[in-house]
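Notes to accompany the following structure.
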Amino acid sequence: MVTKHQDQLSSIASAFRINGTPVCIRPIGNGHINDTYLVECSYAETGISEGAPLLSCSRYVLQRINENVFGSPDDLMDNIVRVTEYLGKGLRIIPARSGSPYLRTENGCWRMMNYIEGSFATETCSNADQFMEIGRAYGSFISDLSDFPAGTLHETIKYFHDTRQRFQRFITACRRNIAGRAENAAEEIRFALEHEKHVDILNDSLKAGEMPLRVTHNDTKINNVLLDRETEKAICVIDLDTVMPGLAVNDFGDAIRSGAATGREDETNSDAVRLDLDMYRAFAKGFIEGFPDITEAEIKMMPAGARMMTLECGLRFLTDYLEGDHYFKTDYPEHNLVRCRTQFSLLRDMEEKQEEMSITGC
Ligand code: GN1
Ligand code: MG
């Protein structure tokens, strides 16, 4: 039986310029922000003169944009449309029948994209070669956008990777303690406070002109690269919501945090979450190969990027926990605290491995 929810989704999907009629819509992916669905459509092949028309299938990705996070869908979609057109391969925005890049309904704000057939995304890399390939894809992404007019991009989330700002928000959340959870998180709060001295490292280097501002992805979890199911070669980078001017070392760092860890982001045994140096080095090699214009200064700061993105992500989970889970999707009340613990455990291990993390001879 078709549920009301399915009916609603189906009529939303039909309001886009898709080929055919939606026959099946189901959730896909593991994003913490937007709601994502796979839409399967069937349509009759034209030009067949005899017998019953041949039915073909086309597939799309439908997403509800989280407007708590992305305050301006116009700005968000303007960035994505221009970046995808500039890249000219992989992801495409399918406009609404009205011609607009998104659709507003009483159930929120929606967008449609092509589904990349024959692809898969992974939550954990099965081997270093696969992770190296993901590194190459993220390096090439920055390289391919090196001539994109960065100044024309909207800032879809202000201060997104400004670790100092993230730290200040954490302090405010601690002081307010609106969810009454600060006591539960005493150990994590102590760890975060001890790390205040590190939060300006990347900002300072940027201000000193040591690293250039580039067009970067800013959300380089490993599941945001689609790989070819047969060859395991990267097909394209997805989730372009936060493509903005930023630091290459942050893209490096966020991928390391998510893909070179020995446990999942929400592993409950946080002590098991450490840095796998082989995976780290493999990713670094791929990233640099894909991005030949990376500077010496950036290479030198790559380990700092990994530490800072891990610290920042931990701070963000902790802040959301203290504020009552209004930002990241959660499955249970302690979920954000569990996520924070894995990030802090990973960071602690990175601090111990600081020397081995320096990148030379890649
Ligand atoms: C969010 O939605 P997803 O899973 O791609 C977040 C990232 C975090 C990540 C942590 C816009 O990404 O910044 O690193 O969760 N995206 C946004 O898993 O805040
Ligand atoms: Mg995302």
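May I ask you to list pairs of residues, at least six apart or on different chains, whose Cβ atoms are under 6 Å apart, with the first in segment 123-149 being in a helix (DSSP H, G or I) and the second being basic (K, R)? Matching pairs, first to second residue: M132/K285; I142/R214. The residue list N30, N34 contains one member that is at pLDDT below 95 and under 21 Å from the mean Cα position of the chain (by Cα), which is N30.
Does any residue of segment 108-130 turn out to be more than 27 Å from R257 (Cβ to Cβ), in contact with a helix residue (DSSP H, G or I) (Cβ under 6 Å, 6 or more places away or on another chain) and not assigned by TED's automatic domain parsing to the domain that holds A261? Yes, the conditions are met somewhere in segment 108-130. Are any of the residues in segment 215-226 away from ligand 2 (no atom under 16 Å from the Cβ), surrounded by 17 or more Cβ atoms within 10 Å (Cβ to Cβ) and not aliphatic (A, V, I, L, M)? No, there is no match, as no residue in segment 215-226 is away from ligand 2 (no atom under 16 Å from the Cβ), surrounded by 17 or more Cβ atoms within 10 Å (Cβ to Cβ) and not aliphatic (A, V, I, L, M).
The values are calculated or read from the model by the stated rules, or taken from the named source; none is laboratory data. Quick caveat: nothing in here was measured; it's all calculated off a predicted structure. When we count neighbours, we look across all protein chains shown, and the Cβ atoms used for this are built from the backbone with ideal geometry, even at glycine.
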